[in-house]
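Below: the structure, in structure tokens.
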Amino acid sequence: MNIQALSAQLLVGLINGSFYALLSLGLAVIFGMLNVINFAHGALYMMGAFCAYFLLNLFGIGYWPALIIAPIVVGLFGILMERSLLQWLTGLDHLYGLLLTFGVALILQGLFQNYFGSSGLPYAIPTELQGGVNLGFMFLPIYRGWVVIFSLVVCLVTWYLIERTQLGAYLRAATENPTLVRAFGINVPRMITLTFGFGVGLAALAGVLSAPINQVRPLMGADLIIVVFAVVVIGGMGSIMGSIITGFALGVIEGLTKYFYPEASNTVVFVFMVLVLLLKPTGLTGRAT
Amino acid sequence: MLEARQHSGASASPLLEVAGLEAWYGESHILHGVDFQVREGEVVTLLGRNGAGKTTTLKSIMGIIGKRRGSVKFEGREIIRASSDHIARLGVAFCPEERGIFASLDVRENLMLPPEVRPGGLSLDQIFDLFPNLKERLSSSQGTKLSGGEQQMLAIARILRTGARFLMLDEPTEGLAPVIIQQIGRTIARLKSEGFTILLVEQNFRFASTVADRFYIVEHGKIIDGFANADLGANMDKLHTYLGV
């Protein structure tokens with residue numbers, strides 16, 4: 001067994017897992033509150049990366065401010081999208097939200113492809129995070145370590161916010177019975193809008209994080225989002241901790257598969273999805289209703 | 001006609017004034033012009049058969065029913081077009097028939113969920129004084145794992161925290177054991193003595209007669225009669241006809 005190759009694949013797995021976790025977390029939060037399966041999530045992730053690219057190349061604003069600005073800008077775009085399109089689908093079948101967001105994703109990706117082509121635009125690793133450290137058994141690029149740790153922190157903070165604070169209690173309660181929560185004096189429609197903005201902001205944040213690793217491409221989200229949906233199905237729709245753990249775990253499993261049996265590395269997630277759907281249709285951590 | 005039956009001597013305008021209230025569930029027209037009033041400090045009970053429109057009346061006042069028409073005035077302010085979060089902020093609190101305890105929240109979170117809408121709500125100590133059982137169950141995991149009676153107490157307790165002085169309770173005794181019903185009766189009496197105004201919907205007429213100042217009879221989405229608790233004896237025959245008991 002080549003320990004260096006194995007740890008390299010593990011690291012790739014953890015990196016992918018970070019993106020899976022951030023994206024599926026946003027999807028879970030949105031699904032819980034709005035009952036919408038947001039197919040535009042990958043496109044919004046892509047917009048986060050493009051936002052960072054524009055900030056740098058048009059305004060000279062670097063990586064660190066972009067980590068904050070891009071999620072806010074794309075989050076506001078999400079709020080606009082919720083107010084103008086999604087809010088009218090309240091109470092309708094899931095299928096409508098799915099089709100609408102799928103359409104939005106195609107439009108966004110088409111627009112960006114039209115102007116920027118399909119090839120990647122470069123985005124440099126910030127100077128503070130360049131280089132790497134030799135851990136003895138492997139070489140760790142600092143930026144990749146940063147992505148894993150930062151994603152983990154963002155996921156855990158989000159989990160804390162939703163599961164352990166009063167604001168999170170409003171969110172959970174409104175997921176269950178929005179009418180009653182509103183009758184307690186809470187402006188539920190505004191909370192739904194802000195939740196969508198927050199979930200979209202998480203996707204954009206993942207986009208910024210990925211820009212220096214994967215380049216900035218109009219279809220970067222389209223490739224990723226299919227796997228992320230599988231992660232959400234495995235973790236259980238709407239479960240916060242479930243999305244985080246499943247996201248990281250499946251990234252690692254994918255990485256290990258790449259080492260032990262590379263031919264299956266692209267399908268292993270979907271094999272898991274099928275197994276989970278057969279054995280526990282609500283997902284590994286899904287709450288039975 | 002109904003006005004004459006109500007207590008005389010109410011100089012102040014009523015706390016809640018419902019006039020010509022109509023409401024729809026989708027296409028079906030449920031309320032056909034409900035008129036009644038609740039004065040400050042009163043306990044008023046809406047009686048009537050299943051499907052008469054009692055719950056719909058409460059929900060319409062709360063702003064939960066989408067399509068409604070007519071007039072609902074709270075503290076003299078028209079609220080028929082207000083959203084339910086706005087109405088709650090004015091100091092109206094609602095305890096639904098199904099109790100509405102949240103499964104994804106623990107007992108403490110359920111209790112602390114409704115935000116304070118006015119100063120002067122009950123403190124936790126006062127609430128535990130009213131409902132000693134709740135204190136023991138505070139650390140329980142899920143709100144929905146409580147017994148029916150405990151869930152009902154939790155549902156009432158959480159709206160007492162908010163500072164709302166007008167409470168609408170939809171069938172608080174439904175499906176509960178007699179000893180729990182007594183406890184809820186004592187609670188309502190105590191709330192009344194502390195100046196709360198309560199609009200109650202009840203099927204349990206015997207219970208209602210122990211707590212209410214006045215009754216209104218709801219039938220086919222209208223108020224068809226009303227009388228004070230003091231005149232109950234004289235109205236018993238009519239009541240039996242109305243309620244079909």
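Some notes on this structure:
- Just checking the listed ones, A:Gln109, A:Gln215, A:Gln87: in the Gaussian network model of chain A with Cα springs under 10 Å, the one fluctuating most is A:Gln87.
- Accessible surface calculations at 1.4 Å, restricted to protein heavy atoms, place the range A:3-279 at 43 Å² per residue.
- Between chain A and chain B, the total buried accessible area stands at approximately 1700 Å², from heavy atoms with a 1.4 Å probe.
- Solvent accessible area, Å² - A:Phe31, 1.4 Å probe, full protein context: 40
- Per-residue ellipticity at 222 nm from helix content only, as computed over chain A with -39500 (n - 2.57) for each DSSP H run of at least four residues, stands at -25000 deg cm²/dmol.
- Phi-based couplings in Hz for the range A:254-259 (Karplus 6.51, -1.76, 1.60; Gly and Pro marked x): 4, x, 5, 4, 4, 7
- Chain B: most fluctuating residue of B:Gly163, B:Gly143, B:Gly51 per GNM, C-alpha cutoff 10 Å: B:Gly51
- Tilt relative to chain A, helix A:220-235 - C-alpha long axis, 0 to 90 degrees, to 10: 70
- Carbon + sulfur, % of accessible area of chain B - ligands and nucleic acids excluded, 1.4 Å: 49
- Among the protein heavy atoms, those of A:Met273 account for about 50 Å² of accessible surface (1.4 Å probe, every chain in place).
- A straight Cα-to-Cα reach below 18 Å connects B:Lys67 with the lysines B:Lys54, B:Lys59, B:Lys222, residues fewer than 8 places away in its own chain not being considered.
- The range A:3-279, relative contact order in percent, only Cα pairs under 8 angstrom and at least six apart counted: 42
- Only aspartates and glutamates eight or more places from A:Lys258 in sequence, or on another chain, were considered; those with a Cα closer than 20 Å are A:Asp223.
- Of the residues A:Thr101, A:Thr246, A:Thr90, the one that moves most in a GNM of chain A with alpha-carbon contacts below 10 Å is A:Thr90.
- B:Phe131, A:Phe137, ranked by accessible area, largest first (probe 1.4 Å): A:Phe137, B:Phe131
- With all protein chains modelled, accessible area of B:Arg68 [1.4 Å, Å²]: 40
- Helices in chain B, meaning DSSP H runs of at least 4 residues, each add -39500 (n - 2.57). Divided by all residues, the mean residue ellipticity at 222 nm is -9000 deg cm²/dmol.
- Subtracting the Cα-Cα distance of B:Asp231 and B:Ser71 from their residue separation scaled by 0.36 nm leaves 54.8 nm.
- Tail fraction, Cα-Cα pairs, chain B, threshold 28 Å, whole percent: 30
- Scalar couplings 3J(HN,Hα) for the range A:268-282, obtained by applying the Karplus form with A = 6.51, B = -1.76, C = 1.60 to θ = phi - 60°, are 4, 4, 6, 4, 4, 4, 4, 4, 5, 4, 6, 8, 8, x, 7 Hz; x denotes Gly and Pro.
- Under 15 Å from the Cα of B:Lys73 - aspartates and glutamates, other chains or at least 8 residues apart: B:Glu17, B:Glu22, B:Asp35, B:Glu40
The values are calculated or read from the model by the stated rules, or taken from the named source; none is laboratory data. Being a predicted model, the structure only gives us computed values, none of them experimental. To get the accessible areas, we keep the full protein, side chains included, count just its heavy atoms, and leave off ligands, DNA and RNA. Shrake-Rupley method; radii C 1.70, N 1.55, O 1.52, S 1.80 Å.
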